[in-house]
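Student: Below you will find the structure I want to go over with you.
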Amino acid sequence: MPSKYQPQVSAWREDLHKWVYTTKLHLSNNKKLRYANDDYCEFSRRLTGMSPLLRILMITIASATVLLSLVVLYFVIPIIFFEKSKTRFIFIPCCLLVFFGMYIFFLMASNIFFAPEDCPIRFNRKTGKVYIYDHFLLYFGSWATFTRSPLKVKEITIKEFNWADIQGCMTSVSVPLASGGMVRSYRLECVVCEPNTTKVIDHFLLAAYSSLNYYEWMWINSYMAFSDNNLDGELMPEDEFTWPIKVNWPEEIDKKSKASSLEEYQKIDAQYQKVEINNIKNKGK
């Protein structure tokens with residue numbers, strides 16, 4: 001049976017129940033909780049294993065590969081243009097392959113280098129709003145890897161959604177092993193639907209797992225329903241060394257996401273809309 005949320009997300013496994021989860025034990029947040037108070041909470045979406053040391057190693061390997069490719073091209077391109085031997089045409093497809101590999105590794109190095117230390121998500125239960133701090137690295141490996149401009153690696157995308165329009169889905173991908181058996185990975189995706197429909201207009205990654213679990217989803221659902229009694233409030237551990245590029249919420253979004261009521265949210269929104277209108281008028285003069 002397919003997902004009721006259409007178009008269905010890739011590698012869909014199941015739709016998740018959205019409401020308060022009551023258990024005898026505390027609901028774990030998988031140590032992904034960055035902050036929580038009575039107004040809002042912030043969850044980490046840092047991918048497992050992307051530690052600063054791993055980042056540095058991957059950047060080093062990618063950069064070395066790009067440099068090696070440039071050296072190869074330095075010696076091969078003169079052969080194609082200046083040698084009179086017929087065999088020189090054999091090097092043309094080789095050069096194209098080297099160019100392609102160099103581009104991919106350059107893109108990988110620049111994305112990993114410029115990615116922020118985390119791509120958090122905020123849930124404000126007083127206003128019913130959800131805020132996504134997004135970077136391309138979170139979805140590295142998609143087709144956009146080959147089509148996205150390297151000049152956009154610094155881009156941070158901020159999105160605001162209504163919690164009422166968000167639903168949860170679990171996706172999974174299986175990879176066979178050469179020695180036999182299979183490795184399965186899971187992703188907890190959130191789909192954003194048009195109000196009061198099942199038509200998907202956007203989606204985002206909430207968490208990635210090596211084993212099947214729903215902890216963050218259950219925790220967030222209970223929190224948004226003001227059911228705090230069985231929520232584990234342990235914050236995620238602090239790293240000894242964090243990546244230099246920090247999370248930097250825009251001022252307007254930072255204030256909106258921390259609002260204590262819809263009235264306060266509307267005042268903040270009106271304030272920044274007024275500033276934006278004044279800026280447009282000043283540019284027109």
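The values are calculated or read from the model by the stated rules, or taken from the named source; none is laboratory data. Every value quoted in this text rests on a predicted model; they were computed, and no experiment measured them. For neighbour counting, all protein chains shown are included, and Cβ atoms are generated from backbone atoms with ideal geometry for every residue, glycine included.
Student: Looking at region 5-24, is at least one residue at pLDDT 85 or above, over 29 Å from residue 184 (Cα atoms) and either among the hydroxyl-bearing types (Ser, Thr, Tyr) or outside the structural domain of residue 223 (by TED's automatic domain parsing) (or both)?
Tutor: No, the conditions are met nowhere in region 5-24.
Student: In addition: Please list, ordered by first then second residue, the pairs with beta carbon atoms under 8 Å, 6 or more apart or interchain, first in region 206-228 and of a type in the set (Ser, Thr, Tyr), second crowded, with 21+ Cβ neighbours inside 10 Å and assigned to a loop (DSSP other than H, G, I, E, B).
Tutor: Pairs that qualify, where the first residue is of a type in the set (Ser, Thr, Tyr) and the partner is crowded, with 21+ Cβ neighbours inside 10 Å and assigned to a loop (DSSP other than H, G, I, E, B), are 215/29.
Student: Keeping to region 253-285, report how many residues are polar (S, T, N, Q) and loosely packed, with under 10 Cβ neighbours inside 10 Å.
Tutor: The qualifying residues number 1.
Listed here are the residues, each with its yes/no results for (1) assigned to a strand (DSSP E or B); (2) of a type in the set (Asp, Glu); (3) in contact with a strand residue (DSSP E or B) (Cβ under 7 Å, 6 or more places away or on another chain).
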| residue | (1), (2), (3) |
| --- | --- |
| 167 | yes, no, yes |
| 174 | yes, no, yes |
| 197 | no, no, no |
| 204 | yes, no, yes |
| 220 | no, no, yes |
| 240 | no, yes, no |
| 244 | no, no, no |
| 255 | no, no, no |
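Student: What are the residues in region 231-252 that are loosely packed, with under 12 Cβ neighbours inside 10 Å and under 16 Å from the mean Cα position of the chain (by Cα), if any?
Tutor: Passing the criteria: 246, 248.
Student: Restricting attention to region 206-218, which residues are of a type outside the set (S, T, N, Q), within 19 Å of residue 19 (Cα to Cα) and either assigned to a loop (DSSP other than H, G, I, E, B) or not assigned by TED's automatic domain parsing to the domain that holds residue 41 (or both)?
Tutor: Hit for region 206-218 is 214, nothing else.
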